[in-house]
Amino acid sequence: MNSPIFALSSISAAFVAVLVGMASSVVIVLHAAAKLGATPAQSASWLWALGVGIALLSIGLSLRYRIPVATAWSMPSAAMLITSDAGFSLSDATGAFLISALLVTIVGFSGVFARVMGRIPLALSSALLVGVLLRFGLDVFTSLQTDPYPVLAMLVSYLLMKRTSSSNLPRYAMVASLCAGLLCTALMGHFNPINWPLDLSLTTPQWVTPSFSWKALLGLAIPLFIVTMTSQNIPGIAALRSAGYEPPISSIIGWSGIVTFVLAPFGGFSLNLAAITAAICVSHEAHHNPAKRWGATVMLGFMYLIIGLFASAVVVIVALFPHVLILSIAGIALFSTIANGLAQSLADPHTREPALITFLVSASNFSAWGIGAAFWGLIAGTIVLFLLPRKAQ
């Protein structure tokens, strides 16, 4: 049966991806803006810039290349802005955002990043992705201790849809799981309280004139560039490759830098390839036909556009969902991606041990010099790959 691009499963996958992306990081983004001295209007402008930027990149790149290109803002970068104790002003930070975006654009369009990624075996990039996603899968079962009934309802619904003999119902396993979780949470009265009425006014972008200093260059711009590339873009490419896609890396990274550069004065501090939300949109649950999964990322882009336009109302609505529900939805949505990644990473005996090292380090909380575990997992796996002899089979 020839199902449409924008199937119900695609819309559901996009909704889950947006919910997970927003709920896990919007508070960090607002905290980062406040730490730099942003007013409430300027903080809302940050969400406007990030939402519009994700919409432009996800919709534009997915339509252009007909592959599911999901973009996001960089949560590690926002966390870095919070932990910086150098006392940067908002204008200095804006200048740093522009320089970081310029570096991403150069590394992207020059082909340097594509050449580096092209040398990484699929087994290692798959292991890196599984390491990044592992905690979300584990969260499903740790959530059983705190709120078992909604989690069980979601798991049972997902598995029942998966085991059916129908050729169509399994693709809606994520839809059924989401509906079961929402219904159970509503019946138990576990939704968080919400303050009405909602502010449905359009978000007004706030321009911040950038300033430039060596201190901000060394203390913000370069670390922001490194974190964006290592913690976000490398896992993002891994998510696409593990799903069987060969993305035009140079173009995607280059355009993410350009859009970030344009929106930086309004608060668009870092736009990059998504990893976690991308894994949801490229999974079998998003669409049974890999050639049509780009419909999910287009829908994701439109949802983020709404988020940007109505930032104040969206923040309140996202706060309605209990944390345990969001964790469980994310983990269940990533089951198939984690399974496929494990299979790809361990399939070849020649790369099995390097992939295992990549997975273990990426799944850990190890970090050094402000760079997270995903990057070090890739480095560790590559070193082991070169150290171990290739045995004839």
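For the reader, a short list of remarks on this structure follows.
- Accessible area in square angstrom per residue, region 42-105, 1.4 angstrom probe: 29
- Max mean-square fluctuation residue, GNM over the chain, Cα-Cα springs under 10 Å, options Ala55, Ala363, Ala296: Ala363
- Estimated D of region 87-138 in µm² per second, where Rh is the Kirkwood radius over Cα pairs and Stokes-Einstein applies at 37 °C, 0.692 mPa s: 236
- Accessible-area order (highest first, 1.4 angstrom probe) of the listed residues His323, His287: His323, His287
- For region 243-287, the spread of Cα coordinates along the three principal axes comes to 38, 20, 13 Å, biggest extent given first.
- Overall dimensions of region 276-393 as given by Cα atoms, namely Rg and Dmax in Å: 18.8, 61
- Order by protection proxy (mean Cβ within 10 Å, highest first), peptides 149-155, 276-282: 276-282, 149-155
- Long-range tail of P(r) for the chain (Cα pairs > 38 Å, %): 16
- Accessible-area composition of the chain, carbon plus sulfur, in percent [1.4 Å probe]: 70
- Ordered from longest to shortest, the equivalent ellipsoid semi-axes for region 195-331 are 27, 25, 14 Å, each the square root of 5 times a Cα gyration tensor eigenvalue.
- Each residue of region 326-338 was assigned a 3J(HN,Hα) from its phi angle through the Karplus curve 6.51 cos²θ - 1.76 cosθ + 1.60 (θ = phi - 60°); the sequence is 5, 4, 5, 4, 4, x, 5, 5, 9, 3, 5, 5, 4 Hz, with glycine and proline shown as x.
- MRE, 222 nm, helices only [DSSP H, n ≥ 4, -39500 (n - 2.57), over the chain, to nearest 500]: -21000 deg cm²/dmol
- From largest to smallest, the equivalent ellipsoid semi-axes obtained for region 127-262 from the alpha-carbon gyration tensor read 38, 25, 17 Å.
- For region 262-301, the C-alpha radius of gyration sits at 1.47 times the compact-globule guess of 2.2 N^0.38 Å, with N the residue count.
- The convex hull drawn around the Cα atoms of region 62-118, when projected onto a plane and averaged over every direction, covers 5.6 nm².
- In percent, rounded to a whole number, the relative contact order of the chain is 36, using alpha-carbon pairs under 8 Å and six or more apart.
- Counting only Cα atoms, the size of region 27-186 along its three principal axes is 57, 40, 28 Å, in decreasing order.
The values are calculated or read from the model by the stated rules, or taken from the named source; none is laboratory data. All of these numbers come straight from a predicted model, not from anything done at the bench. All Cβ positions, even for glycine, are placed from backbone atoms using ideal geometry, and neighbour counts span all protein chains on display. Quick note on the areas: whole protein, heavy atoms, side chains included, nothing else; ligands and nucleic acids left out. Shrake-Rupley method; radii C 1.70, N 1.55, O 1.52, S 1.80 Å.
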